[in-house]
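Chemist: First, the structure itself, so that you have it in front of you.
The values are calculated or read from the model by the stated rules, or taken from the named source; none is laboratory data. Computed from a predicted structure; not experimentally measured. Quick reminder, even Gly has a Cβ in these numbers, built from the backbone with ideal geometry, and neighbours come from all protein chains shown.
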């Protein structure tokens, strides 16, 4: 029985890193369509404001916890999560674990998605790039995109629109995507393309990767400057009622 931890109404599955990789590898090799979301503090802020989005997260086959904020909140509840299951580490480990896996990349700008696709073979020599498409298409009329994806016969589709858009898109259109596993991956393609840089291993071990993003990605400053205090206040307000439930 998988242990689950609920934070601000969102249910997380608690797994060790290697357990998560193995579970995703089995899903990618299976026949049953699976959807996996990776949620951080920003995701939870969206979910707190939007009950429909919260229901979308809870309807996924797996929702995994990403980042210091989520792990801190779990510890505050005395139900700590065993691992930081961020997509930047988890997805490459999954692909490396699954030789021959066919992967389709969906999301990012034309330049970012194209650069990520170009570098894919070097990053993952034992995997196959089934195809790719940027994220700037008419999301209200995605039939051509789905036809392209399905012709490529992927085992794994990575959707990088950022939250909450990618989770809503996956939930709405999952039945149209003929692939065993679909994962929302946020800005992952930027790392593969080289347009984004990860924090040092020292900062990551200290749980301070958010500080690196704050300093190096000015467009995300508002999310952290306003979002982190908002998340803290929501947790403080939510904990007493949670303890009584």
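Chemist: Among the residues of the range 30-54, what is the count of those that are within 14 Å of the chain's Cα centre (by Cα) and part of a loop (DSSP other than H, G, I, E, B)? Lay out the reasoning, then the answer.
Modeler: In the first step, residues of the range 30-54 are kept if they are within 14 Å of the chain's Cα centre (by Cα); the result is 34-44.
Then drop every residue that is not part of a loop (DSSP other than H, G, I, E, B), which leaves 40.
Adding up the residues that qualify gives 1.
Chemist: Would you be able to say whether some residue in the range 226-237 is closer than 23 Å to residue 55 by Cβ, in a helix (DSSP H, G or I) and at pLDDT below 75?
Modeler: yes
Let's see how each residue does on (1) closer than 18 Å to residue 188 by Cβ; (2) loosely packed, with under 14 Cβ neighbours inside 10 Å; (3) touching a residue at least 12 places away in the same chain (Cβ under 8 Å):
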position: 2; (1), (2), (3): no, yes, yes
position: 7; (1), (2), (3): no, no, yes
position: 21; (1), (2), (3): yes, no, yes
position: 28; (1), (2), (3): yes, no, yes
position: 31; (1), (2), (3): no, yes, yes
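Chemist: Could you pull out the residue among 174, 168, 153 that is more than 17 Å from the chain's Cα centre (by Cα) and at pLDDT 95 or above?
Modeler: Values: 174 fails: more than 17 Å from the chain's Cα centre (by Cα); 168 fails: more than 17 Å from the chain's Cα centre (by Cα).
None of the others qualify; the one that does is 153.
Chemist: Mind telling me which of the residues 77, 34 ends up being modelled with pLDDT under 95 and in contact with a strand residue (DSSP E or B) (Cβ under 8 Å, 6 or more places away or on another chain)? It would help to see each step written out before you state the result.
Modeler: On the way: 34 fails: modelled with pLDDT under 95.
On inspection, the qualifying residue turns out to be 77.
Chemist: Which ones in the range 36-50 are farther than 13 Å from residue 170 by Cα and touching a residue at least 12 places away in the same chain (Cβ under 8 Å)? Even if it seems obvious, please write down each step before you answer.
Modeler: Keep residues of the range 36-50 that are farther than 13 Å from residue 170 by Cα, which gives 39-50.
Across the range 36-50, the qualifying residues are 39, 40, 41, 42, 43, 44, 45, 46, 47, 48, 50.
Chemist: Sticking with this one: Pairs needed: first member in the range 145-165, free of Cβ contacts under 8 Å to residues at least 60 places away in the same chain and on the phi > 0 side of the Ramachandran plot; second member anywhere, surrounded by fewer than 17 Cβ atoms within 10 Å (Cβ to Cβ) and assigned to a loop (DSSP other than H, G, I, E, B); C-beta distance under 9 Å; at least 6 residues apart or different chains.
Modeler: Short answer, once both residue conditions are applied: 153/178.
Chemist: Separate question: Where residues in the range 55-87 are surrounded by 20 or more Cβ atoms within 10 Å (Cβ to Cβ) and part of a helix (DSSP H, G or I), which of them is nearest to the chain's Cα centre (by Cα)?
Modeler: Ranking the candidates gives 87 first.
Chemist: A further question on this structure: Can you tell me which condition residue 61 does not meet? The list is (1) under 14 Å from residue 4 (Cα atoms); (2) modelled with pLDDT under 95, and all the others hold.
Modeler: All conditions pass for residue 61, except number (2).
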